[in-house]
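The values are calculated or read from the model by the stated rules, or taken from the named source; none is laboratory data. In this text, all values refer to a predicted model and were calculated from it rather than measured experimentally. Note that each Cβ is placed from the backbone with ideal geometry, even for glycine, and that neighbours are counted across all protein chains shown. With ligands, DNA and RNA removed, areas are computed over all heavy atoms of the protein, side chains included. Shrake-Rupley method; radii C 1.70, N 1.55, O 1.52, S 1.80 Å.
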Amino acid sequence: MNTTLSSFDAYAEQYQKSIANPEDFWSNIAADFKWRKKWDKVLEWDFHKAEVKWFVGGKLNITENCIDRHLPQRANQTAIIWEPNDPKDEAKHITYKELHEQVSKVGNMLRAQGVKKGDRVCIYMPMIPELAYAVLACARIGAVHSVVFAGFSAGSIADRIQDSGCSMVITSDGSFRGEKKLDLKSIVDEALEKCPTVKKAIVLQKLKINVKMKAGRDLWWHEEIAKASADCPPEEMDAEDMLFILYTSGSTGKPKGMVHTCGGYMVYINYTFKTAFQYRDGQVYWCTADLGWITGHSYILYGPLSAGGTTVIFEGIPSWPDMGRFWQAIERHKVNIFYTAPTAIRSLEKAPLSFVEKYDLSSLEVLGTVGEPINEEAWHWYNKNIGKEKCPIIDTWWQTETGGFMISPIANVTKLKPAHATLPLPGVQPAVMDENGKELTTNGVEGRLTIKFPWPSMARTIYGDHKRFFETYFSTFPGKYFTGDGCKRDEEGYYRITGRVDDIIIVSGHNMGTAEVESAIDEHHEVCETAVVGYPHDIKGQGIYAFVILYHPPKDEDKLRSEIKETVSKIIGPIAKPDKIQFVSGLPKTRSGKIMRRILRKVAEGDTSNLGDTTTLLDPAVVDEIKAGAL
Ligand code: WT7
């Protein structure tokens with residue numbers, strides 16, 4: 001289907017069609033792909049059971065659609081541009097033909113180690129081409145990839161491996177991060193002590209540092225790949241077979257392994273990529289996310305590659321060697337579409353403008369943001385200084401669970417409103433609910449954001465825990481998918497996401513469960529109890545504020561604070577370190593023992609003038625102490 005939309009009316013018409021007859025709409029789009037066998041039925045669903053199936057009975061392999069399908073016309077077109085950590089090193093251009101060869105070899109390397117359809121493979125690697133090859137190789141042979149962001153701790157890796165019973169890990173000896181070197185293999189080694197299901201670990205030599213290789217388990221990538229042939233027939237997958245698992249934080253308990261399946265995911269990610277960005281053949285597209293997050297899965301790899309596009313993979317960080325790193329790479333690769341996070345924009349906005357002005361950004365045509373609400377100031381800075389007021393900003397609202405964009409402007413079609421994700425994409429049917437579970441059907445309303453009809457790339461379950469899937473997403477508003485976000489719908493029908501309404505905070509665009517951070521802090525031997533809330537943070541969007549009860553009065557508060565931060569960093573990873581730690585003698589609890597987070601949020605926000613009703617607290621005096629000690 002032609003995804004070029006020439007006008008707003010064309011969007012409105014496409015939207016209407018998608019709602020009036022979703023099955024026709026999506027089967028028209030799906031018809032563009034290579035199916036080994038066509039589906040028997042487009043859709044089966046029951047939100048009361050949290051069950052959804054798309055393209056039932058269809059058979060395909062997503063890598064055949066992302067790679068092989070393009071070879072007749074695009075063998076020598078660049079599929080991936082790899083920009084290294086150090087700008088002094090050379091970038092790599094990987095053509096579709098080379099990508100085909102590399103993915104096939106890695107696929108055979110995995111097959112040679114006994115990996116087969118349905119097996120789970122954990123991937124813990126830096127942002128290098130081999131990471132992309134590994135992910136796609138899993139998809140090619142029907143193994144389920146579970147990518148773990150290479151900033152997570154040994155404990156977090158072990159939890160994820162155990163939860164999904166991975167039989168293999170693919171990693172590297174280490175990675176660069178700006179001027180730092182990280183020793184990834186030793187982190188994996190520590191994790192694997194607790195992971196008996198892992199039979200093999202494949203280790204890529206990246207830093208060429210000394211690592212321990214465990215006999216019988218660990219294999220060098222370069223040795224194994226040398227034995228692998230470049231002929232790797234793709235596994236035939238059912239549309240509803242698992243493609244990958246990706247973990248995301250929950251408001252309670254351990255991270256949830258969101259399960260995405262092959263057929264619907266492919267169709268939806270391809271459609272939304274082409275539609276929202278209005279991607280045209282030949283454009284260079286750069287999404288700055290890490291492949292360890294859903295943004296990387298959907299909109300670095302599967303979206304652009306399924307569209308036959310050219311996608312940039314960036315190994316480095318925006319601030320090294322200096323704050324011009326992004327802009328330098330845009331100039332170098334003549335990037336046309338640039339997609340990043342508000343937190344990155346806010347941190348770069350603080351640097352002198354000379355870092356931007358040094359580079360030629362005239363190749364840019366479309367800008368995007370993702371991960372959290374973008375504040376108006378950052379929006380205007382991005383628009384003025386990066387887009388030079390000629391590039392639309394595509395503020396894409398979506399989630400790990402949704403797989404792809406849900407509410408988003410369409411480049412050069414949708415009239416923009418700063419800080420608004422604007423309108424639902426075709427196929428997406430949002431409903432705003434009030435607290436009593438009633439749908440607010442008019443415009444000019446505020447409430448909780450739900451989706452009332454399935455879309456092809458929605459997560460199908462939580463790995464190993466369908467009950468939790470149902471309870472988390474489908475029980476709050478029966479018959480609807482609950483996003484966990486609050487939103488406003490203005491008089492024009494435009495959506496503005498106001499943020500999470502559950503105990504999840506978004507720190508630098510990353511989803512973090514307060515419960516998870518609390519239990520990590522509690523691991524410190526001096527800590528008795530903790531409550532964590534989010535508070536507005538200049539750069540990160542939300543910062544982590546921890547209220548901590550200790551067993552003994554601290555001798556050295558600052559030392560203890562850094563120890564606690566280290567503990568969290570060790571247990572979850574550096575991204576979960578609390579920004580502020582306030583020691584308190586008690587927490588505001590109701591008589592039934594529930595922490596009143598509303599009060600803590602107010603204190604953390606620095607707004608203690610009106611804390612609301614505190615009479616139901618067990619010990620109202622504790623609030624005065626907390627207020628007095630606020631940081
Ligand atoms: C949560 C999902 C989607 C990939 C990255 C994050 C927030 C995401 C926006 C946006 C306002 C946004 C929501 C959502 N969020 N994009 N454009 N405007 N909020 O994926 O880690 O699953 O987090 O991120 O609160 O629920 P995630």
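Based on this model, can you work out whether Tyr299 counts as within 20 Å of the chain's Cα centre (by Cα), of a type outside the set (Val, Ile, Thr), modelled with pLDDT of 95 or more and under 29 Å from Gln14 (Cβ atoms)?
Details: within 20 Å of the chain's Cα centre (by Cα): yes; of a type outside the set (Val, Ile, Thr): yes; modelled with pLDDT of 95 or more: yes; under 29 Å from Gln14 (Cβ atoms): yes.
Considered against the rule, which asks whether it is within 20 Å of the chain's Cα centre (by Cα), of a type outside the set (Val, Ile, Thr), modelled with pLDDT of 95 or more and under 29 Å from Gln14 (Cβ atoms), Tyr299 comes out as yes.
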- When region 430-464 is checked residue by residue, the ones that are crowded, with 17+ Cβ neighbours inside 10 Å and not aliphatic (A, V, I, L, M) are Pro430, Gly447, Arg448, Thr450, Phe453, Pro454, Trp455, Pro456, Ser457, Arg460, Thr461, Tyr463
- Message: Going residue by residue through region 468-479, is there one that turns out to be assigned to a strand (DSSP E or B) and open to solvent by 10 Å² or more (accessible area, probe 1.4 Å)?
- Response: no
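Given region 524-591, what strands (runs of 3 or more DSSP E) lie entirely inside it while holding 2 or more residues that are small (Gly, Ala, Ser)?
Details: elements: 527-537, 541-550, 580-584.
Answer list for region 524-591: 527-537, 541-550.
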- Note on the structure: For region 243-274, the count of residues that are more than 16 Å from the ligand (Cβ to nearest atom) and assigned to a strand (DSSP E or B) equals 2
- Out of (1) under 30 Å from Thr248 (Cα atoms); (2) touching a Gly at 6+ places or on another chain (Cβ under 9 Å); (3) surrounded by fewer than 22 Cβ atoms within 10 Å (Cβ to Cβ), the one Ser408 does not meet is (3)
- Message: Residues that are open to solvent by 10 Å² or more (accessible area, probe 1.4 Å): list the helices (runs of 4 or more DSSP H) wholly contained in region 24-126 that include at least 3 such residues.
- Response: 71-74, 96-112
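Kindly indicate the residue of region 495-520 that is of a type in the set (S, T, N, Q) and within 9 Å of the ligand (Cβ to nearest atom) and also surrounded by the most Cβ atoms within 10 Å (Cβ to Cβ) among those meeting that condition. Explain how you work it out, then say what you get.
First, pick out the residues of region 495-520 that are of a type in the set (S, T, N, Q): 498, 508, 511, 514, 519.
If we keep only those that are within 9 Å of the ligand (Cβ to nearest atom) as well, we get 498, 511.
Values: Thr498: 15, Asn511: 21.
The residue in question is Asn511.
For (1) away from the ligand (no atom under 16 Å from the Cβ); (2) touching a helix residue (DSSP H, G or I) at 6+ places or on another chain (Cβ under 8 Å); (3) among the hydrophobic types (A, V, I, L, M, F, W, C), each residue gets a yes or a no:
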residue	(1), (2), (3)
Glu372	no, yes, no
Cys391	yes, yes, yes
Thr400	no, yes, no
Pro409	no, yes, no
Asp434	yes, no, no
Arg448	no, no, no
Trp455	no, yes, yes
His466	yes, no, no
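Tell me, which residue of region 388-405 that is among the acidic types (Asp, Glu) and under 22 Å from Glu349 (Cβ atoms) is most open to solvent (accessible area, probe 1.4 Å)? Talk me through it step by step, then tell me what you get.
The first filter runs over region 388-405 and keeps only residues among the acidic types (Asp, Glu), leaving 389, 395, 401.
From what is left, the residues that are under 22 Å from Glu349 (Cβ atoms) are 389, 395.
Working: Glu389: 129, Asp395: 13 Å².
Among them, the one singled out is Glu389.
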- Task: Would you mind telling me which numbered condition in (1) open to solvent by less than 30 Å² (accessible area, probe 1.4 Å); (2) under 23 Å from Ile539 (Cα atoms); (3) within 15 Å of the ligand (Cβ to nearest atom) Asn385 fails?
- Result: (3)
- Task: Collect the residues in region 164-218 that are without any contact (Cβ under 8 Å) to a residue 24 or more places away in the chain and under 16 Å from Gly151 (Cα atoms), keeping them in residue-number order.
- Result: Lys180
- Does region 346-361 contain at least one residue that is surrounded by 23 or more Cβ atoms within 10 Å (Cβ to Cβ) and β-branched (Val, Ile, Thr)? no
- Message: Could you tell me how many of the residues in region 258-293 are closer than 15 Å to Ile245 by Cβ and open to solvent by 10 Å² or more (accessible area, probe 1.4 Å)?
- Response: 1
- By residue number, the members of region 441-467 that are assigned to a strand (DSSP E or B) and farther than 28 Å from Gly263 by Cβ are Val445, Glu446, Gly447, Arg448
